[in-house]
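A.B. asks: Can you read through this structure? Questions will come right after.
The values are calculated or read from the model by the stated rules, or taken from the named source; none is laboratory data. All of these numbers come straight from a predicted model, not from anything done at the bench. Virtual Cβ from ideal backbone geometry, glycine too; neighbours counted across all protein chains shown.
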Amino acid sequence: MKDNTFLHVQELDFLRKALCCVEYIHDALVNNDYASAKIEISELQFLIEKLQEIEMKKARRAQLMEIINEMRKRGIRIDFVSKL
């Protein structure tokens, strides 16, 4: 559950940063500051990649939980050992 909460917080942080980048890109374009706009676009692309990675993790986790629930329905006991 901790990992799920961490992913959610991380996702919100990336979204916030991406929205800031969009604002900075807008300001840079309005002011004809194309060098800054390029830098912000690169940062936005990086953040989008990170957001896509989080979406993939969430999808894999959902798929794993589906498999675990199906196994439990069949009476298979599953124990996970967490790392300390």
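A.B. asks: What are the pairs, 6+ residues apart or on separate chains, where a residue within the stretch 36-47 that is of a type in the set (D, E, K, R) has its Cβ under 7 Å from a residue that is modelled with pLDDT of 95 or more?
C.D. replies: Pairs that qualify, where the first residue is of a type in the set (D, E, K, R) and the partner is modelled with pLDDT of 95 or more, are Glu40/Cys21; Glu40/Tyr24; Glu40/Ile25; Glu40/Ala28; Glu43/Cys21.
A.B. asks: Please verify whether Ser36 is surrounded by fewer than 12 Cβ atoms within 10 Å (Cβ to Cβ) and in a helix (DSSP H, G or I), treating the condition exactly as stated.
C.D. replies: In short, no.
A.B. asks: Against the condition more than 20 Å from Ile54 (Cβ to Cβ), hydrophobic (A, V, I, L, M, F, W, C), part of a helix (DSSP H, G or I) and under 19 Å from the mean Cα position of the chain (by Cα), how does Ile41 come out, does it pass?
C.D. replies: Details: more than 20 Å from Ile54 (Cβ to Cβ): yes; hydrophobic (A, V, I, L, M, F, W, C): yes; part of a helix (DSSP H, G or I): yes; under 19 Å from the mean Cα position of the chain (by Cα): yes.
Judged against the criteria, Ile41 is a match.
A.B. asks: In this structure, is Phe6 at pLDDT below 95 and aromatic (Phe, Trp, Tyr)?
C.D. replies: When the stated conditions are applied, Phe6 passes them.
A.B. asks: Quick check on the stretch 64-84: of everything there that is modelled with pLDDT of 80 or more and among the basic types (Lys, Arg), which residue is surrounded by the most Cβ atoms within 10 Å (Cβ to Cβ)?
C.D. replies: It comes out as Arg72.
A.B. asks: Separate question: Restricting the first residue to the stretch 49-74 and requiring it to be under 15 Å from Asn4 (Cβ atoms), which pairs with a second residue that is at pLDDT 90 or above and assigned to a helix (DSSP H, G or I) meet a Cβ separation below 7 Å and a spacing of at least six or different chains?
C.D. replies: Taking only residues 6 or more apart or on different chains, the pairs are Ile54/Gln10; Ile54/Glu11.
A.B. asks: Go over the candidates Val22, Val9 one by one and state the one that is in contact with a helix residue (DSSP H, G or I) (Cβ under 9 Å, 6 or more places away or on another chain), part of a helix (DSSP H, G or I) and among the β-branched types (Val, Ile, Thr).
C.D. replies: Val22
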